[in-house]
Amino acid sequence: MNIILLGPPGAGKGTQARHLVEARDMIQLSTGDMLREARTSGTEMGRVVADVMDRGELVTDEIVIGLIREKLVGNRAGGFIFDGFPRTLPQADALAELLAATGEKLDAVIEMQVDDAALVARITGRFTCGDCGEVYHDVTHRPAVEGVCDKCGGTNMKRRADDNEDSLRQRLMEYYKKTSPLIGYYYAKGQLRTVDGLAEIEDVQKAIAAILD
Ligand code: AMP
């Protein structure tokens, strides 16, 4: 089964994707994670990507489609969760072509709906465990022991360079201009399903499970 998690920054795509990886043996393909890795590579591409990401703008379609293309080769386990991809109509068309080329299809596009005020609060307090990726929040989800990951015991907590209010506003602008048209695109294809991204994490998990089952 191949699915897309669609929604603005802070909607909870990464958190839900991580749960699906554990619960259903699916493979999470987060272009954001791939780009964060690329920016530490010391290459020219890494430097360009870092600038664009810090401004909260979108990296070119060519770069992200190239990253996804590489990942679609080989192991498929329980299928792919596309997290943060596609973000533009050309990326959506490219994904359809890439899947068709391997005889695969998209089974569902799950839109996670949230309101903008909630996003600002969620994003500006967010930090993650650099070792296992568990997501925390200054107000709503602190680790039991300050600075120590509940899940893996790691002490390498990280905040994203673009999780500040200025970058977030730009990221939201990009979402509404370039990514939200995908909602109509997938609706027209009969693939769009919607969940309430403001519900408790476990309730969002259940809503997604109901769609996938
Ligand atoms: P994310 O971790 O999904 O919030 O992505 C972080 C940043 O990476 C975004 O603000 C963009 O600069 C870049 N990015 C991630 N995915 C894409 C994509 N599919 N297309 C263009 N830029 C992307």
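Structure notes:
- Residue count for the stretch 70-94 satisfying the condition of being part of a helix (DSSP H, G or I) and touching a residue at least 60 places away in the same chain (Cβ under 8 Å): 2.
- Among the residues of the stretch 172-184, none qualifies, meaning not one is assigned to a loop (DSSP other than H, G, I, E, B) and either within 12 Å of the ligand (Cβ to nearest atom) or farther than 21 Å from Asp116 by Cβ (or both).
- Residue in the stretch 13-21 that is modelled with pLDDT under 95 and in a loop (DSSP other than H, G, I, E, B) present: no
- Residue check for Ile123: away from the ligand (no atom under 13 Å from the Cβ), in contact with a helix residue (DSSP H, G or I) (Cβ under 9 Å, 6 or more places away or on another chain), of a type in the set (A, V, I, L, M) and closer than 20 Å to Val204 by Cα: no
- Condition met for Gly74 (loosely packed, with under 14 Cβ neighbours inside 10 Å and not basic (Lys, Arg)): yes
- Every residue from the stretch 30-70 that is closer than 17 Å to Thr179 by Cα and more than 9 Å from the ligand (Cβ to nearest atom): Glu62
- Unique match (being within 16 Å of the ligand (Cβ to nearest atom), crowded, with 17+ Cβ neighbours inside 10 Å, under 15 Å from the mean Cα position of the chain (by Cα) and at pLDDT below 95) among Val109, Val135, Val114: Val114
The values are calculated or read from the model by the stated rules, or taken from the named source; none is laboratory data. The model shown is predicted, which means the values in this text are computed figures rather than measured ones. All Cβ positions, glycine included, derive from the backbone under ideal geometry; neighbour counts span all protein chains shown.
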